[in-house]
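Single-structure report; data block below.
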Amino acid sequence: MANIRDVAKMANVSIATVSRVLNGNENVSEETRRKVLNAIKKLNYRPTISFRTASSDLFKTIGILIPDIRGYHYSDIVMAIEEYAYTKGFDIMLALPKWEVDIEQHILDQYFKRKVDGVILGELFGSYKLIERFKRSGIPMVVVDFQVDEIDFDTVNVDNVSGGYQAIKYLYEHGHKKILFIPGPQQSPAAVDREKGIRKFIDKVRDEEIEIFYGTHRGYNSEHGWVSVVQHLKEHGLNFTAIFAVNDWTAIGAIDALKDNGIRVPEDVSIIGFDDAPFAQYTNPRLTTVMQPRWEMGTTAAQLLIERIVDKKVRLPRNIILPAKIIERESVKDINK
């Protein structure tokens, strides 16, 4: 079994230099870093760290950083990652920073110190500097459900722009031109992309009769949908025929607000959500929505990461975009008829 001296010898560097590379130290030239990382791969060298014993040195661990697992979205992704990783002999370590930058930094520090074999990263609210050292030290990383720029990692995302486009197009084709949109958080790339999809469709059709009203309360929770509808009705009255909610939770809140004000769905107002949550087919009426392939996202992320860990070949980063599609149920009425 190779040790750090073997790596240093093959790379023709000192043991201290190998240690600096493993720790993501910036004071190493890129040429030297590549030589050390290549030697590590060729020798299949695995650093010995405190929580591993000699008998357990063969097991591999994936660190997962996901904002939280409440609801269904991230929990489905994590379950898919775990299922695929288990079939390949990998354990997982799951941490939930709950959108707190300080907690993100602490978790990534721990993953780095424990020398996890790879990391799957959900939304990151801190600086990209938090993950640059993983790249410098040769630890593979896959980003799932989160857009990154100019970072050399594999990524797996849903086409949220297309999803937003499809949702507005579906309402438009069913005769709806006055639409209340309930937006998600501004710091969420997925929510921003869904808004881009709306604008993309409006720019394409160039119908002056289309009018999009924006809800006042951004967010992914039911209360954001409820408050947005109640506030809009109070200030403007019922001047829309349909609602596009950024996700299914906000759609549920919007439906409750409409019912509280004596407005029927879909007879008076139609509504479309986003995600295809497990409960969407059991609402009253059953919710039309845009489906995200969450299980496929998790499986694909795990597959890409494990390939990076196991395969010794150097390959370019891959950007996987999975399609979203409309799931048609009963909450949208065709008012063309």
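Highest mean packing comes first when the peptides 227-239, 267-279 are listed by Cβ atoms within 10 Å, giving 267-279, 227-239. Its relative contact order, with pairs defined as Cα atoms under 8 Å and 6+ residues apart, puts region 97-238 at 17 percent. Local charge for V269 was computed over the other residues whose Cβ lies under 11 Å away, with Lys and Arg +1 and Asp and Glu -1, and equals +2.
For a bin width of 5 Å, list the pair-distance distribution of region 117-207 built from all Cα-Cα distances, rounded to whole %. P(r) for region 117-207, in whole percents per bin: 3, 12, 20, 18, 13, 10, 9, 7, 5, 2, 1, 0. Between W295, A254, P278, the Cα set farthest toward the positive side of the dipole of the chain (charges on each charged residue's Cβ, about the Cα centre) is that of W295.
Between helix 73-87 and the chain, what is the angle of the helix's C-alpha long axis to the longest principal axis, kept within 0 to 90° and rounded to the nearest 10? Roughly 40 degrees, rounded to the nearest 10. Compared with the dominant principal axis of the Cα atoms in the chain, helix 222-236 is inclined by about 40°. Surface composition of region 85-206: carbon and sulfur atoms hold 47% of the protein heavy-atom accessible area at a 1.4 Å probe. Note that the chain presents 49 Å² accessible area per residue, ligands and nucleic acids not counted, probe 1.4 Å.
Can you check what the Kirkwood hydrodynamic radius comes to for region 63-133, Cα pairs only, in Å to one decimal? Computed over region 63-133, the radius equals 12.6 Å. Packing around the peptides 177-183, 293-299, taken as the average count of other Cβ atoms within 10 Å per residue, puts them in this order, highest first: 177-183, 293-299.
Taking each of K177/K204; K98/K259; K259/K325 in turn, the alpha-carbon distance tops 23 angstrom for K98/K259; K259/K325. Every helix of 4 or more DSSP H residues in the chain counts as -39500 (n - 2.57), and over all residues that averages to -13500 deg cm²/dmol at 222 nm.
Remark: relative contact order (region 204-276) = 32 percent; criterion is Cα-Cα distance under 8 angstrom and separation of 6 or more residues.
Normalising the average separation of contacting C-alpha pairs (under 8 angstrom, six or more residues apart) by the number of residues puts the relative contact order of the chain at 18 percent. Helix 30-43 axis versus longest C-alpha principal axis of the chain: approximately 80°, rounded to the nearest ten. Rg/Rh, computed from the Cα trace of region 268-332 with Rh as the Kirkwood radius, has the value 1.23. Three semi-axes describe the equivalent ellipsoid of region 66-191; taken as square roots of 5 times the Cα gyration tensor eigenvalues and ordered largest first, they are 32, 17, 14 Å.
The values are calculated or read from the model by the stated rules, or taken from the named source; none is laboratory data. Bear in mind that the values here come from a model prediction, so they are computed numbers and not experimental data. Every residue, glycine as well, gets a Cβ built from its backbone with ideal geometry; the counts of neighbours run over all protein chains shown. Heads up: the accessible areas ignore ligands, DNA and RNA and are worked out on the full protein's heavy atoms, side chains in. Shrake-Rupley method; radii C 1.70, N 1.55, O 1.52, S 1.80 Å.
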